[in-house]
Amino acid sequence: MCRFVAYSGEPIPLATLILDAPFSLASQARSPRLQRHGTSNPDGFGVAWYGRPGAGPERHRTARPLWQDEAFLGSLASIVAPTFVAHVRSATPGSEVHERNAHPFVSGRYAFAHNGSVEAFRDVAHGQLAARTSERRRAAIEGTTDSEALFALVLDALDAGYTPTRALAQVVDVVTSLSKPRRDRLNLVLTDGASVAALAWGDTLFTCQRPGSAVVASEPLDDDPRWQRVPDRSIVAVHDDGVVGTCQLDLGDDPR
């Protein structure tokens, strides 16, 4: 259910990871190798990138499959950025396929994407999450997904002074406290253009650290032996120099 890739390091063309890698995001849109729920990701594509120093993200989203977004795909080789997040969507059954529900979601300097689902979101959890979200952040929600509801909670945590990694952990704590037992899948990724934070909870997540850069992705993009699987229920922090820190999820920890 969904695949994403996030990059931080020396500026590269977006096409490098979205189109050109042997197991690129485009490949994962049609034929993911490790996806646990669903066999493809045809319900939307989006990318947020930081192309201007000090500015917030630019973004492109569509409800069409990535492979049908020909005009934008043709521009990817010319868009160069030091940080970006891209996502292909497999909509939860019953969820609307619409551009406003395509990831990444953005607010201010932040971009966010989600791979997974909040159990019983439409029946129970939607209202429970809304009750825990500030009026300001609820009012800014445009779509109907559990993912954007999670982003609103992340933004509330950031507003309260949490670091990005702690904000992701706080949201998982909120969701998993709604009722038990739960089978939520909460792989999350967040960036402010200078660093990337990601969390593995219920699905696959990998990192690949190379000199001066790092990638966080739902699946490895090639057969480079430097790909490392992130243990389930762990948080990853990637800094703009490509240094990766990982720790097992504990609400008292922060892998800065």
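The values are calculated or read from the model by the stated rules, or taken from the named source; none is laboratory data. In this text the structure is predicted, and so the values were computed from the model without any measurement. Cβ sites come from the backbone with ideal geometry, for glycine too, and all protein chains shown count toward neighbours. Only protein heavy atoms, including side chains, enter the accessible area calculation; ligands, DNA and RNA are left aside. Shrake-Rupley method; radii C 1.70, N 1.55, O 1.52, S 1.80 Å.
A simple spin-label model places the labels of residue 173 and residue 97 3.9 nm from each other, with each point 7 Å out along Cα-to-Cβ. Tell me which of 46, 23, 178 sits at the most positive position along the dipole axis of the chain, charges placed on C-beta atoms (Lys, Arg +1; Asp, Glu -1). Farthest towards the positive end: 178.
Extension gain for the segment residue 34 to residue 16, taken as residue separation times 0.36 nm less the Cα-Cα distance, is 4.4 nm to one decimal. Ordering 161, 227, 194 by the projection of their Cα atoms onto the charge dipole of the range 143-256, which places +1 on the Cβ of Lys and Arg and -1 on the Cβ of Asp and Glu, puts 227 at the extreme positive end.
Sequence-distant contacts, meaning Cα pairs under 8 Å at least 6 residues apart, place the relative contact order of the chain at 21 percent.
Element breakdown for the range 58-167 at a 1.4 angstrom probe: carbon and sulfur atoms account for 48% of the accessible area.
Separation of the range 233-250 from the range 115-186 is 21 Å, based on Cα centroids. Couplings 3J(HN,Hα) of the range 68-76, computed from phi: 9, 8, 4, 4, 6, 4, x, 9, 5 Hz, in residue order, whole Hz [Karplus 6.51 cos²θ - 1.76 cosθ + 1.60, θ = phi - 60°; x for Gly and Pro]. Among bridges DSSP assigns within the chain, what percent are antiparallel (round to 5)? Antiparallel bridges: around 100 percent, rounded to the nearest 5. About its Cα centre, the chain has a charge dipole of approximately 340 debye under the convention of +1 per Lys or Arg Cβ and -1 per Asp or Glu Cβ, with nothing else charged. Backbone amide hydrogens, once placed in the peptide plane, bring residue 184 within less than 5 Å of 119, excluding anything fewer than 5 places away on its chain. Using only the alpha-carbon atoms of the chain as identical scatterers, what base-10 log of I(q)/I(0) does the Debye formula give at q = 0.12, 0.13, 0.16 Å⁻¹? The Debye formula, applied to the Cα set alone, gives -0.61, -0.73, -1.17. If each residue of separation counts as 0.36 nm, what is the full-extension length gain between residue 224 and residue 142 once their alpha-carbon separation is subtracted? Answer, rounded to one decimal: 25.6 nm. Once the 1.4 Å probe is applied to the protein heavy atoms, the chain comes out at 41 Å² accessible per residue. Note on the range 171-244: with charges restricted to the Cβ of Lys and Arg (+1) and Asp and Glu (-1), its dipole about the Cα centre is near 420 debye. Taking N as the residue count of the range 1-151, its C-alpha radius of gyration divided by 2.2 N^0.38 Å amounts to 1.04.
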